[in-house]
Structure formats: C-alpha cells, structure tokens
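Participant: Before I ask anything, let me first share the structure, which is written out below as structure tokens.
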Number of protein chains: 2
Amino acid sequence: MREVFQHQLHEVQARLVDISELVANAITQAEKAFNSPDVRLAETVIATDPRIDEMAVKLDENAIDILALQQPVARDLRIVVSALRISASLERMGDIAQHIAQLARFRYPENVAPKALRDTFSQMGELDRQIANKLTELLRTEDPDIAIAMRDIDDAIDELHVGVFDTVLSETWQGEAMATVDVTLASRYFERFADHAVSIAKKVQYLQTGAWAGAEA
Amino acid sequence: MREVFQHQLHEVQARLVDISELVANAITQAEKAFNSPDVRLAETVIATDPRIDEMAVKLDENAIDILALQQPVARDLRIVVSALRISASLERMGDIAQHIAQLARFRYPENVAPKALRDTFSQMGELDRQIANKLTELLRTEDPDIAIAMRDIDDAIDELHVGVFDTVLSETWQGEAMATVDVTLASRYFERFADHAVSIAKKVQYLQTGAWAGAEA
C-alpha cells in the first residue's frame with residue numbers, strides 16, 4: 001500500500017514537470033511568434049493551450065484522489081497541496097503564452113512591437129523562456145539555488161517592463177494608440193508570466209519548509 | 001470528534017465569506033477612488049490589501065490542518081480543496097482592486113479615465129461591485145442561480161472592455177500615450193476581476209457536483 005502511495009506521489013510530481021515543459025515550450029514558441037513575427041507558430045501555441053489545461057485538470061483529479069484514498073499527512077500532504085497550487089499557476093502561465101501568441105496573430109503580418117521596442121521585447125521573451133526552463137528544472141530537482149536564479153531573472157524582466165513604459169511615455173514615442181495598447185498588454189503579459197513562475201518557486205519552498213510564503217506579488 | 005470537524009468545515013466556509021466581503025468592499029472603494037477620483041480612498045484600498053492576503057494565508061493553513069488531522073473524504077474533501085482554490089482567487093481579486101487604486105493614486109488629481117471613457121469605467125466599476133457582492137452571496141448560500149447572474153454580469157463587463165478598445169482605436173481618440181496606457185491597464189483590471197469571480201463560481205459548482213469545470217478563462 002505504502003509503495004503504491006509513493007508511486008502515486010511521484011507520478012503527481014512527474015506530471016507537474018511534464019506540464020511545466022509544455023509551458024516552457026509554449027512561451028518559447030510564443031515569444032518567437034511575437035518577435036519574428038510568425039503567425040503559424042502563434043497558431044500552434046494557441047492550439048496547444050487546451051492540452052495544458054487538460055493536463056492540469058487531470059493532475060488535480062489525481063491529487064484529490066490521493067487526498068481521498070491515501071489521506072497523506074506531513075510532507076506527503078504538503079506535496080499534494082502544493083501540486084494543486086502549482087498546477088493552477090502553470091495553467092495560468094499557459095494562458096499567458098497563449099495571449100502573447102494571440103497578440104502576434106492579431107497584428108500579423110505587422111510586428112506587434114514597434115522598432116523602438118523590439119530589442120526590449122526580444123529580451124523579455126528570452127528571459128521568460130529562461131525562467132520557464134529554470135522552473136521545470138526546479139520542479140524536477142527542488143534545488144533552492146534555482147529559485148534564487150529565477151528571482152534574478154524576474155527582477156530583470158520587471159526592469160524591462162518599466163522601460164517599456166518609459167519608452168511609451170517619452171517624447172520620442174511615435175506609436176499610434178493601437179501600438180500603445182499592444183505594447184502595454186504585451187509587456188504586462190511577459191511580466192506576469194515571470195511573476196507566476198516566481199510564485200511557483202515559493203510554493204516549492206513551502207514544500208520543503210512547511211512555511212507558506214503567502215500572497216503572490 | 002465528528003462535531004468538531006463539522007464546526008471546522010463551517011469555519012472555513014465562513015472565513016471565505018469574510019474574505020469575499022473584504023474583496024467586495026475593496027472593489028467598491030477602488031472603483032470610487034478611480035472614478036471620483038479620490039486619493040485617500042485609493043490609499044485605504046492599498047493599505048487594506050495585506051489584510052486580505054493574511055486572511056487567505058490563515059484560511060489555507062486551517063484547510064491544510066483539516067486535511068492532515070481530519071482526513072476528510074467525499075463532499076467534505078471537496079469543500080476543503082475548493083476552499084484552497086477559492087482563497088487563491090479571492091486573494092488575486094484583492095490584488096486587482098489594489099492595482100485599480102494604485103492607478104487612481106498615481107494620476108491623482110487627474111482622473112485616470114478621460115472624459116470619453118468615464119461612463120464606461122463607471123459602469124465597469126459598478127458591475128465589478130455587483131459581481132463581487134453576488135460572489136459573497138454565492139459563497140454564503142451556494143444558490144446556483146447566483147452563478148448564472150454572475151456570468152451575465154461578466155458578459156456585460158467583457159462588452160464594455162471591448163468598447164474601451166473601440167474608443168481608444170477610433171479616429172476621435174485624442175488621448176496621449178499615457179492615457180492610452182492607463183485605460184488599457186484599467187480596463188484589463190476591471191475585466192480580470194470579474195473573470196476571477198466567475199472562476200470562483202465554477203469552483204462552487206465543483207463543490208456541489210464533484211465535476212471540475214477546469215481551466216479558467
């Protein structure tokens with residue numbers, strides 16, 4: 001019985017890694033679709049999102065079955081509760097990758113990012129890709145150093161996010177209202193994606209310490 | 001023992017109602033701060049948000065204790081798992097009310113909403129207020145008709161959200177880039193607030209039926 005239970009727990013953790021890989025893949029493609037721009041790739045991201053949602057629902061069902069049938073306590077209970085929380089955030093990260101792809105598709109063949117901001121968005125996309133890959137590694141290894149690296153990446157993204165507004169509000173900004181709307185939303189999406197990654201890192205920390213880091217940024 | 005357990009479950013549900021009331025209060029004040037504009041009220045909303053976060057963390061701790069000590073099954077288990085999910089969404093709704101208040105404070109004494117959009121934002125704020133109050137009632141009564149009314153309100157907010165972009169992208173729009181950024185973010189916040197309320201209504205539905213409605217919009 002105990003062995004079955006441990007196997008089920010490992011399964012839940014392995015599925016989190018699987019979903020995180022899909023999310024990392026989605027943001028990699030979304031940022032490429034956004035920055036190229038590439039409408040086909042954007043459509044791929046949009047078409048893949050339901051798969052992430054489905055996997056998250058399945059994982060939640062498994063976690064709830066474990067709670068009902070195995071009635072875990074202590075660290076085992078924390079693993080299951082964390083899995084529920086982490087899957088919700090991963091699902092949300094998938095949604096954001098999809099939103100970025102939708103922006104790219106909507107403006108195609110135009111580039112969503114005007115010339116003045118292409119470098120910035122290309123860096124934001126690259127950093128989101130990095131933080132998503134680190135997240136997968138963190139879920140696989142639970143190495144706390146990875147969480148620290150993720151916070152550094154998030155800080156860099158926050159700075160770029162502020163920089164986008166500096167550009168848009170500067171006197172040299174010549175974008176039409178549409179461009180302003182687009183870059184405002186895009187910048188917010190890239191920034192939120194990283195926030196969710198950091199919030200998951202906090203949940204992994206809870207798993208290890210039992211101390212709940214609490215509210216998200 | 002059984003009696004203690006039922007009392008603990010009711011406590012968790014009562015705390016959800018309390019948090020939801022605080023969130024309803026926060027959005028009521030945030031929309032007033034935003035639409036008046038009223039910087040003092042904005043500061044009240046911002047100062048109150050940590051209280052919502054704290055209550056959500058406390059509720060989560062209680063829910064996890066119940067899982068560990070009472071090992072609930074069937075509907076009782078669903079109540080506890082739903083409470084964890086609902087508290088995360090309520091906490092996020094509080095954050096959004098805070099973001100709206102921050103926008104108001106940042107632009108004060110200017111009004112964030114330019115004249116052409118004041119009616120729209122005033123309606124969005126009023127509908128967010130309504131959906132938050134209905135949410136509190138839903139958590140209190142679990143009456144499924146309330147969930148239906150909430151979806152109607154959400155649809156109306158989505159329409160207003162689209163209307164904001166129609167205005168901003170129309171030829172008559174004379175807003176500077178700053179105004180465009182502000183109304184883009186504000187409209188997104190008002191719209192997301194209602195999305196979270198609807199996602200909680202789905203979680204309440206799960207509580208009643210055991211069928212998990214899955215991914216959020």
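Participant: Output ³J(HN,Hα) for the stretch B:75-92: one whole-Hz value per residue in order, computed from phi by the Karplus curve 6.51 cos²θ - 1.76 cosθ + 1.60 with θ = phi - 60°, and x for Gly and Pro.
Facilitator: 4, 4, 5, 4, 4, 5, 5, 4, 4, 4, 5, 5, 4, 4, 6, 4, 4, 5
Participant: Using a cut-off of 13 Å between beta-carbons, work out the net charge of the residues near B:ASP145 (Lys and Arg +1, Asp and Glu -1, B:ASP145 not included).
Facilitator: Computed value for this residue: -2.
Participant: Summing Lys, Arg as +1 and Asp, Glu as -1, what charge do residues with Cβ under 13 Å from the Cβ of A:LEU59 carry, A:LEU59 excluded?
Facilitator: -4
Participant: Counting only other chains, and only Cβ atoms inside 10 Å, what mean value do you get across the residues of A:75-83?
Facilitator: Mean shielding by partner chains, rounded to a whole number: 2.
Participant: Can you give the log10 of the normalised intensity I(q)/I(0) at q = 0.06, 0.08, 0.12, 0.14 Å⁻¹, computed with Debye over equal Cα scatterers of the protein assembly as shown?
Facilitator: Taken in order of the listed q values, log10 I(q)/I(0) reads -0.25, -0.44, -1.02, -1.38.
Participant: Give the nm distances, rounded to one decimal, from A:GLU43 to the matching residue in every other copy, measuring between label points 7 Å along Cα toward the beta carbon; shortest first.
Facilitator: When each copy's label point is compared with this one, the spacings are 5.4 nm.
Participant: Also: Using a label position 7 Å from Cα in the Cα→Cβ direction, what is the ascending list of nm distances from B:ASP143 to the same site in the other copies?
Facilitator: For B:ASP143, the inter-copy label distances come out at 5.6 nm.
Participant: Follow-up question, since we're still on this one. Mind checking the angle between helix B:115-141 and chain B's longest principal axis? C-alpha axes, 0 to 90 degrees, to the nearest 10.
Facilitator: 10 degrees
Participant: Can you find, among B:SER89, B:ILE46, B:ILE66, the residue farthest towards the positive end of the dipole of chain B? Put +1 on the C-beta of Lys and Arg, -1 on that of Asp and Glu.
Facilitator: Selected residue: B:ILE66.
Participant: If the label for B:PRO109 sits 7 angstrom from Cα along the Cα-to-Cβ line, what are its distances to the same label in every other copy, in nm to one decimal, shortest first?
Facilitator: 5.2
Participant: Taking the Cβ of B:LEU169 as the center, what net charge do the other residues with Cβ under 11 Å away carry, scoring Lys and Arg +1 and Asp and Glu -1?
Facilitator: Net charge in that neighbourhood comes out at -4.
Participant: Normalised by the residues of chain A, what does the relative contact order come to in percent, with Cα pairs under 8 Å and at least six apart?
Facilitator: Contact order relative to length: 27 percent.
Participant: Taking the radius of gyration and the Kirkwood hydrodynamic radius from Cα positions alone, what is the Rg/Rh ratio for the stretch B:2-209, to two decimal places?
Facilitator: Here Rg/Rh amounts to 1.05.
Participant: Could you give the angle, 0 to 90 degrees to the nearest 10, between helix B:144-168's Cα long axis and the longest principal axis of the Cα atoms of chain B?
Facilitator: Helix B:144-168 sits roughly 20 degrees off the main axis of chain B.
Participant: Further question: Treat every Asp and Glu Cβ in chain B as -1 and every Lys and Arg Cβ as +1, leave all other atoms uncharged, and give the resulting dipole magnitude about the Cα centre to the nearest 20 debye.
Facilitator: 320 debye
Participant: Using the crude model of +1 on Lys and Arg Cβ and -1 on Asp and Glu Cβ, and no other charge, please compute the dipole size for the protein assembly as shown relative to its Cα centre, in debye to 20. Walk me through the numbers on the way to the answer.
Facilitator: Numbers: 44 positive and 72 negative charges, 121 e Å.
Roughly 580 debye for the protein assembly as shown.
Each reported figure results from applying straightforward, stated rules to the coordinates on display, with no laboratory input. Nothing here was measured: the structure is a model prediction, and the numbers come from that model. No Cβ is skipped: glycine too gets one built from the backbone with ideal geometry, and neighbour counts run over all protein chains shown.
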